[in-house]
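Structure first, commentary second.
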Amino acid sequence: MARTVLTIGFIGAGRMARAHAAVLRTMPNVMLKACCGRRLKSGQAFGKEFGIPEAYANYEELLARAKVDVYWVTPSVLELPTVAKACLRTCKAVFLEKPVGLSLEEAQEVADVAAQSSSIHMVGLNRRFYSNINAAVRLAEKHGRVRGIEVHAPEDITDLHDHHPPRVVDRWIYMNGVHCIDLLRYLGGEVATVTAAQVGKENSRGYAAMLKFTGGGVGQYTSHWYAPGRWRVALYADGLCCLIQPLESAKAIYRGGREEPIPLSEEDQRFKPGFYDQARYFLECIMAGKAVAHPGCDLPDYLKTVGLIDIINGEKPQIN
Ligand SMILES: NC(=O)c1ccc[n+]([C@@H]2O[C@H](COP(=O)([O-])OP(=O)(O)OC[C@H]3O[C@@H](n4cnc5c(N)ncnc54)[C@H](OP(=O)(O)O)[C@@H]3O)[C@@H](O)[C@H]2O)c1
């Protein structure tokens, strides 16, 4: 029988759980039913704030006792692979925040569990659902197609040591760089060749990469870890440049110099950008009983992005 309401159990009760819950509670076919953090009191506080009736002491208890349709998984980054595997083994639907581990091997382990499960799952690469980025893509398609992509992702990581464990900072390209590196694939399609260069170490790393896509476009990526700046994406099509910097602010520049803003949707202004359309898409997949596909990101798709990170990070040979 087709479902009319999906019940959600949150694992993780921090900043991102709140950002997701703020979106999900506005959706008519959703009931926020259960939650937990690492400590009972953080689950209880989150539950109280969002009217979630069941707070559990830990995720094992939630998995054993809560009767929900979907697990919304947003624990601390180092905890996520273990929690993800336990959720996927239940074969219920699972939303996973990024990053799924801090290496290809860790992501592969989670993907292997997903491959043995009938779980409909999605990884939350919310930049794929930014309304202004998708509007820029639609505009580029009217001008032929996206032929060139520039992604510039500065990460001034010096202060991060105060907030994250050393391994998370060291693996920041997997932790946070994943958003922008994934955009190269999301916007450009499958990658045919990559040439990457890395300089420096620890807080003073710099990355540059040149990519050719199987669809015929080219892309470039830069990320400097020792200087401030905002993420920037530029898309090029015939007679058109869409400039998106920061990612929340986009404009179209036409041949001859005319400029036009590409605004964020109302939902992207109200909530963390991308979260509304991301949740809506995933819930539609679950309701329809179909696997996540473009524009969503399932684990096999996520592995391709992590494979690209490995090359840009110098961990794997270039594709030539
Ligand atoms: N998509 C994006 O743009 C974006 C942005 C920021 C973060 N993220 C991702 O979102 C995830 C969460 O980040 P956050 O900023 O929300 O972190 P946070 O504020 O530190 O919250 C983490 C939450 O996870 C809970 N937790 C930790 N281990 C757990 C476990 N084993 N079982 C159940 N709960 C557990 C913590 O519980 P206690 O409160 O009891 O310690 C806390 O409630 C990370 O994977 C991060 O990479 C995504």
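Descriptive notes on the structure:
- Hey, Gly101 in a helix (DSSP H, G or I) and over 21 Å from Cys285 (Cα atoms) or not: no
- Condition met for Ala45 (at pLDDT 95 or above and either part of a strand (DSSP E or B) or over 23 Å from Ala19 (Cβ atoms) (or both)): no
- Considering only residues in segment 269-294 that are more than 18 Å from the chain's Cα centre (by Cα) and in contact (Cβ under 8 Å) with a residue 60 or more places away in the chain, the one that is farthest from the ligand (Cβ to nearest atom) turns out to be Gly289.
- Every listed requirement among (1) surrounded by 20 or more Cβ atoms within 10 Å (Cβ to Cβ); (2) free of Cβ contacts under 8 Å to residues at least 40 places away in the same chain; (3) in contact with a His (Cβ under 8 Å, 6 or more places away or on another chain); (4) of a type outside the set (Ser, Thr, Tyr) is met by Phe213 save one, (3).
- Looking across segment 104-119 at every residue that is small (Gly, Ala, Ser) and touching a Pro at 6+ places or on another chain (Cβ under 9 Å), the one that is surrounded by the fewest Cβ atoms within 10 Å (Cβ to Cβ) is identified as Ala115.
- Meets criteria (among the β-branched types (Val, Ile, Thr), open to solvent by 10 Å² or more (accessible area, probe 1.4 Å) and assigned to a helix (DSSP H, G or I)) for Val83: no
- Identity of the residue in segment 3-42, part of a loop (DSSP other than H, G, I, E, B) and within 9 Å of the ligand (Cβ to nearest atom), that ends up most open to solvent (accessible area, probe 1.4 Å): Arg38
- Counting the residues of segment 121-147 that are β-branched (Val, Ile, Thr), assigned to a helix (DSSP H, G or I) and either touching a Phe, Trp or Tyr at 6+ places or on another chain (Cβ under 6 Å) or open to solvent by less than 10 Å² (accessible area, probe 1.4 Å) (or both) gives 1.
- When restricted to residues that are in a loop (DSSP other than H, G, I, E, B) and more than 9 Å from the ligand (Cβ to nearest atom), segment 57-80 contains 5.
- So Asp156, is it surrounded by fewer than 15 Cβ atoms within 10 Å (Cβ to Cβ), more than 18 Å from the chain's Cα centre (by Cα) and within 16 Å of the ligand (Cβ to nearest atom): no
The values are calculated or read from the model by the stated rules, or taken from the named source; none is laboratory data. None of these values were measured; they are calculated from a predicted model. So basically every Cβ, Gly included, is an ideal-geometry build from the backbone, and we count neighbours across all protein chains shown. For accessibility, only protein heavy atoms count, side chains too; no ligands or nucleic acids. Shrake-Rupley method; radii C 1.70, N 1.55, O 1.52, S 1.80 Å.
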